[in-house]
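Report on one structure; see the data block that follows.
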Amino acid sequence: MQRPEGTTGPVGTTVAERPPGTREGAPPREQRFRGDVEGLRALAVCVVLAYHAGAATFAGGYVGVDVFFVVSGYLITGLLLRELQQTGSIALTRFYARRMRRLLPLACLVLLTAAAAAWLLFSPVERQQVFEDVIASALYAVNWQQAAEAVDYSAVGTAASPVQHFWSLSVEEQFYLVWPLLLLACGLGSRRRAPRVRLAFGLGSVAAASFAYSVVLTTTEAGVAYFSTLTRGWELAAGGLLALVPTARLRELPRRAPAVLGCGGLAAVLTSVTVYDDTTPFPGVPVLLPVLGTVALIAAGTAGPHPVARVLELPPVRYLGRVSYSWYLWHWPAIVFATAFFSGLPTSILLLVVVLSLIPAALSHRLVEEYFRRARAFAPNGRSLALGGGCTALAVLAAALSWNSVPRVPQAEPHEVTGARSLLGGEPLQHTADALRPLPEKAAEDKGRAHRDGCLVAQRATRSPACVYGDTTAGTTVVLYGDSHAMQYAPALERVAQKRKWRLVVLTKSGCTPADLPTWNPRLKREYTECAEWRERTLERIERDEKPDLVVTGNLATVRAVADGDRLGAEDSARRVRTAYADSLERLQRAGARTVVVADNPHPPEDVPACVSAHLEDLSQCVVPERTGLDFTPVNRQAAGDVSGARLIDPGEALCRDGVCPAVIGNALVYRNGAHLTATYMETMADWLDGELPSVR
């Protein structure tokens, strides 16, 4: 079989492309086909796919995406540089047309397939999210959507999307949009010869700024840094800077240099694959290892033959690299839908699913990628642009129409919602949902007034605003203090405050426990220093300014403590959190306040709104077993028992009966995600909470 002119990998950039003005049959030496780069793509896609399947050995397999970024930057910059040198300009229309013709038809096919499969296998609420993701992916903006969700603390418990892996493609498409313009700007004034020094200075400045921003943002908003084009851009620029180095210069390196660079580069990539894991603050500084390793591998192949290149150039390895774009697109939907259909699949089966996804990958590579790449009918730039626009429009339209056809249950009127009152009143449990409040598709936004007012401060914040409710001029002050699991009681506590003529002050912060000790933030992937600073300021404010009569505390039960910057194990962490929580309660009591600890609420094993939307006629499918879901680490309960005078309130009696915790009670949807209660249900718990709280004057 004749070797193709180039191959499209997950980044959609060919290993060898011919710029305008290059004679057929006489490509310059720098344009030669790079079998080692094609094999490098195979390495990258394999470690990413193994990571997605849950293989423990590949805990850092996500760095395969960074390998792709460097390869993409190297190849695309080399292509554009040759064109700039030979013509003095870059044919932007032709460039964008080729990218669309290569990338969009297959991407559109995968997006439409994912939308159709989601319609068949997912609940209405999950479908709605998938359709939104399909639209964002078709517009190559899904990375920004995921960055926004990364800072949304209420997004906890949401299911994986079958198209969320399009985030990396979105980063690259945005790179393709800007990079030619940047090269043109740096090459202005040159005719036939692009000044490499000027280009290196311009691209290097962009890379330095992007890397610095990546390091800073990773320490503050790791989730945003992971998905942001601004933090990932330097990785593509690193490959671009390598493309500026003349081939002749690299071939002048000492004879052993290719082997040293190749082996060292491979060692760097594989070390990051096996040593890094989900707790690594990434990208930040750690991304240097796989990025520089990839640069070394590519440079080694340019400098001369070496042992690693010979392995990468083996035909089976190169074939995997050739179909890597298609394989990358198909593997993740295969994993998501397999786990949706068969829950609890072991890693071995998921690895088999990944291998089997190579079948549609190979077929679509040949029948879709190669067809549109070679089809003369789409060779004109205008037709390629029309093809790309049509594919994008088709995916967006299909998802939009599907989103609008999601079935919905009528919303219950406020007077129809009895919630906790029906459970505590002994009424039969609800088995069907003829009307609900909030609706499952709107549950995520069902938050109380204090939450909407910004009283649950963000992770980076270290001060709380003035959030005062109830009778604001009353002589009795009550403080609600803790994290989002404390904040969810604000709607009920506000009603109690109005009834008892209390002044209610809400002091809460995302993911920040009242326990006075260093803790780990899984989203920031580091010690939660902002929590410690906020906590001390808040405690001082309580002692000095608020001087409350009563403090109601609460937090997520699974807090992890930190020692010397490292996250502790579950048992050691629980002991330290228990002691620190008790110390905080005693400190509040010394300030003259009575203390109440609200135990954590049951945690469902799945997203409750999604489950309810799929089982409106049989709500028993969505109940949460009380023993497995309620306060699975008893730290809060133990701390309350350790402090004389501290009172424990158990929400289980207002949420559960006969060993189960229903998802819908008295026409009220209980949960807004996989961990937090809806404000609607919490308001119905006001009478119960009023009876549990002590009398204070």
Worksheet item: Which members of segment 551-599 meet the condition of being acidic (Asp, Glu) and out of contact with any Ser or Thr (no Cβ under 9 Å at 6 or more places or on another chain)?
Response: 564, 566, 571, 572, 583
Worksheet item: Is it the case that some residue within segment 533-554 is among the hydrophobic types (A, V, I, L, M, F, W, C), under 24 Å from residue 149 (Cα atoms) and in a loop (DSSP other than H, G, I, E, B)?
Response: no
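Take residue 364 and tell me if it is in a helix (DSSP H, G or I), within 24 Å of residue 615 (Cβ to Cβ) and at pLDDT 75 or above.
no
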Practice prompt. Would you please list the contacts, defined by Cβ atoms under 6 Å and residues six or more apart or on different chains, that run from a residue in segment 507-521 that is on the phi > 0 side of the Ramachandran plot to a residue that is in a loop (DSSP other than H, G, I, E, B) and at pLDDT 90 or above?
Written response: 511/483
Fill in: residue 162 closer than 30 Å to residue 617 by Cβ and touching a residue at least 40 places away in the same chain (Cβ under 8 Å)
yes
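Among the residues of segment 115-129, count how many are touching a residue at least 40 places away in the same chain (Cβ under 8 Å), within 16 Å of residue 440 (Cβ to Cβ) and part of a helix (DSSP H, G or I). Quick ask: steps written out before the conclusion?
Of segment 115-129, the ones touching a residue at least 40 places away in the same chain (Cβ under 8 Å) are 115, 117-119, 121-128.
Next, only the ones that are within 16 Å of residue 440 (Cβ to Cβ) stay: 118, 122-128.
Right, trim to part of a helix (DSSP H, G or I) and you get 118, 124-128.
Count: 6.
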Worksheet item: Of the residues that make up segment 477-491, is at least one assigned to a loop (DSSP other than H, G, I, E, B) and over 33 Å from the mean Cα position of the chain (by Cα)?
Response: no
Practice prompt. Keeping to segment 304-329, report how many residues are part of a loop (DSSP other than H, G, I, E, B) and either outside the structural domain of residue 357 (by TED's automatic domain parsing) or buried (at least 22 other Cβ atoms within 10 Å of the Cβ) (or both).
Written response: 2
Discussion item. Any residue that is surrounded by fewer than 24 Cβ atoms within 10 Å (Cβ to Cβ), farther than 22 Å from residue 332 by Cβ and either modelled with pLDDT under 95 or among the basic types (Lys, Arg) (or both) - is there at least one of those in segment 101-122?
Written reply: yes
Response to the item:
Filtering helices (runs of 4 or more DSSP H) wholly in segment 168-267 for at least 1 residues that are more than 20 Å from the chain's Cα centre (by Cα) and surrounded by 15 or more Cβ atoms within 10 Å (Cβ to Cβ) gives 196-220, 229-244, 247-251
Worksheet entry | Filter pass, residue 588 being within 22 Å of residue 474 (Cβ to Cβ), in contact (Cβ under 8 Å) with a residue 40 or more places away in the chain, not charged (D, E, K, R) and not in a strand (DSSP E or B) | yes
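The values are calculated or read from the model by the stated rules, or taken from the named source; none is laboratory data. These numbers were taken from a predicted model, which means no experiment stands behind them. When we count neighbours, we look across all protein chains shown, and the Cβ atoms used for this are built from the backbone with ideal geometry, even at glycine.
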